[in-house]
Amino acid sequence: MNVSVEDAGALGHSHAGAFSPAHAPRTSAEPYARFGATALRAAAVFWFIVTAAGQLIFATYIAGFYGRATLAGRPALWNKVMPHGYVAGDTFFNLVLGVHLAFAFVITVGGLMQLTPAIRRRVPALHRWTGRAYLIAAALMATGGLMMIWVRGGAPGDVTANVIISFNALLILTCAALAWRRARVRRFDLHRRWALRLFLAVSGVWFFRIGLMFWIVVNRGPVGFDPDSFTGPALIVLGLLAYFLPQGVAGLYFRAQQSRSKSAKFAMASGLTVLSLVMAVGVAAAAAIMWLPRL
Ligand code: HEM
């Protein structure tokens, strides 16, 4: 996978490259135009910092809770969070869930490594190998998740919620296939876009968790869903937002990057900053309520 948060800054450079600074006529709009690209880049970096902090806490929870229970030979402890997680005697699906949890850690840390510019610049070979591992992990997570829902059964939520997360699994598989194929034919411009879309699709379950905690905190309790059966309209809307809104935002971001319009860049930078602030609240709430207390 070949994508980086640096991509945010590529626009400024590529457009600047179209001019020769020595000969280009200076206009009063120029600093403003540059400021648009800088604002967009800054918003992308801010988004990445919030995402990295939140996903590192999520990865710490996966390793600290599930990893510790598994290494201690007590997988039944998984059921403190997932009532139907470990089922005594069901060796196959216990293994599928165990692999899912192990790769949940790998894919979360691996995704952040892929987006970190310094790693990509200084150790490109590591970046390529992590990218291959990321694609395999994404395929395993999506197919394992689909099997747990539709073959084993008993996953949380109603049929609609299960259908929605299944579309997220299909999205993961599609983005992974396209990111891989575009790299094979050396279309790295398109590869980067599909790799970023893959990262967002893989992060869907994480967006869902921080979105849920944001919703509970702003409403001061569970509103629009039943916390016992984990069903209700709020969870359906949240699923759609968590899995598909990031794809729409990515599309707008790519357009703003390419656009010559300063207003488009500023609008995108502002929208992304607002979304990142909402995410920051969700991350803080998820860490305080869901993840850190279980360590
Ligand atoms: C690709 C990124 C994914 C990550 C990082 C991830 C992570 C996790 C984690 C950490 C859990 C344990 C529950 C918790 O502590 O929150 C879990 C459980 C589960 N995941 Fe995923 N998951 C991913 C994708 C998927 C997908 C795409 C599906 C479905 C198509 C799926 C289906 C499930 C199911 C069915 C469980 C068991 C829930 C239960 O029995 O209570 N996961 N996942």
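The values are calculated or read from the model by the stated rules, or taken from the named source; none is laboratory data. Keep in mind that this is a model prediction, so the values were computed, not measured. Counting neighbours? That spans all protein chains shown, and the Cβs are built from the backbone with ideal geometry, glycine included.
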Q. Restricting attention to the stretch 149-166, and to residues there that are surrounded by fewer than 19 Cβ atoms within 10 Å (Cβ to Cβ) and in contact with a Phe, Trp or Tyr (Cβ under 7 Å, 6 or more places away or on another chain), which single residue is nearest to residue 83 (Cα to Cα)?
A. 156
Q. When residue 169 is evaluated against the numbered criteria (1) more than 13 Å from the ligand (Cβ to nearest atom); (2) modelled with pLDDT of 95 or more, which criterion, by number, is the only one it fails?
A. (1)
Q.
Please verify whether residue 174 is part of a helix (DSSP H, G or I) and in contact (Cβ under 8 Å) with a residue 60 or more places away in the chain, treating the condition exactly as stated.
A. no
Q. Among (1) outside any helix (DSSP H, G or I); (2) in contact with a helix residue (DSSP H, G or I) (Cβ under 8 Å, 6 or more places away or on another chain); (3) closer than 19 Å to residue 92 by Cβ, which single condition is residue 142 missing?
A. (1)
Q) Within the stretch 76-85, how many residues are surrounded by fewer than 19 Cβ atoms within 10 Å (Cβ to Cβ), modelled with pLDDT of 95 or more and within 20 Å of residue 141 (Cα to Cα)? A) 3
Q. Could you count how many residues in the stretch 189-213 are over 14 Å from the mean Cα position of the chain (by Cα) and either within 13 Å of the ligand (Cβ to nearest atom) or crowded, with 23+ Cβ neighbours inside 10 Å (or both)?
A. 2
Q: Could you tell me which residue of the stretch 145-164 is farthest from the ligand (Cβ to nearest atom), considering only residues that are part of a helix (DSSP H, G or I) and either in contact with a Leu (Cβ under 9 Å, 6 or more places away or on another chain) or among the hydroxyl-bearing types (Ser, Thr, Tyr) (or both)?
A: 160
Q. Can you tell me which of 182, 220, 209, 197 is of a type in the set (Lys, Arg) and farther than 22 Å from residue 282 by Cα?
A. 182
Q. Could you count how many residues in the stretch 51-97 are more than 10 Å from the ligand (Cβ to nearest atom) and over 21 Å from the mean Cα position of the chain (by Cα)?
A. 18
